[in-house]
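One structure below.
The numbers here are math on the coordinates, done by the rules we state, and not lab data. Predicted model only: the values in this text are computed from it and were never measured. Because the Cβ atoms are built from the backbone with ideal geometry, glycine has one as well, and the counts that use them run over all protein chains shown.
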Amino acid sequence: MKHWISDYIRTQKAAHDSIPVEAVAELIEKLRAALHAGSQIFVFGNGGSAANASHFATDLGKGASDKVGKRFRVLSLNDNVSWMTALANDYSYEEVFVGQLQNYGKPGDIALGISVSGNSPNCVKALGWAKDHGLQTVALVGAKRGRMAEIAECVLMINDTHYGRVEDAQMGICHMLCYAFMEHPELVRK
């Protein structure tokens, strides 16, 4: 078991080392611009990625907003369970995110999908709709990249396919996006 744990830690470090620094910096700039423009930031995913989406929305909407003194307009599309289940029941599970974007999404907003496979049908559909309607599209994906990476204009790929390791590294990216503003609130004065 100790060998397995050591190996897991080694491969987890490799996954974190694959975080694309330039793409993270680009996304921080997109978030800064969205804050100044009053644009909405939508984030979504399934399973562990849904939890990461909710966590990111909390950290950006509360923690980063508190530090910079201006409120990020961020919403996790995973958090309204009754709306999601209505869309899934009346249409299909593929519609649970796009159905919400149709109500709120405007050109210039940001749609950020999180998926290890990059092929989650509901995330693919939401990013496709977002792109077609003038939203900025971002995909956090694993090494398989999937359809989401083909659609999104900004792709942050973790070079691993293990769900736990990729989700951990993706949450690391989400924390960097938030802590960039928490630890450097002067970013908003640019």
> Charges only on Cβ, +1 for Lys and Arg, -1 for Asp and Glu: so what's the dipole of the chain about the Cα centre, in debye to the nearest 20?
Replying inline: 300 debye
> If packing is taken as the mean number of other Cβ atoms within 10 Å per residue, what is the order of 150-156, 92-98, 134-140, highest first?
Replying inline: 134-140, 92-98, 150-156
> Where Lys and Arg each count +1 and Asp and Glu each count -1, what net charge lies around Asp109 among other residues with Cβ under 12 Å from its Cβ?
Replying inline: +4
> To the nearest 0.05, how large is the calculated FRET efficiency for Trp83 and Thr11 if R₀ is 35 Å and r is the Cβ-Cβ distance?
Replying inline: 0.40
> Taking a temperature of 10 °C and a viscosity of 1.306 mPa s, what whole-number D in µm²/s does Stokes-Einstein yield for region 86-190 with Rh from Kirkwood over alpha carbon pairs?
Replying inline: 109 µm²/s
>> Please compute the Kirkwood hydrodynamic radius over region 1-107, one decimal place, Å, based on all pairs of different Cα atoms.
In response: 16.2 Å
> How big is the gap, in Å, between the Cα center of region 24-102 and the Cα center of region 131-190?
Replying inline: 12 Å
>> Over region 2-189, what is the relative contact order in percent, taking alpha-carbon pairs closer than 8 angstrom and at least six residues apart?
In response: 26 percent
>> Need one number: nm distance between label points at Val21 and His55, each 7 Å from Cα along Cα→Cβ, rounded to one decimal.
In response: 2.4 nm
> Got a sec? How would Arg71, Arg145 order by Cβ neighbour count within 10 Å, fewest to most?
Replying inline: Arg71, Arg145
> Rg and Dmax of the chain, using alpha carbons, in Å: what are they?
Replying inline: 16.2, 51
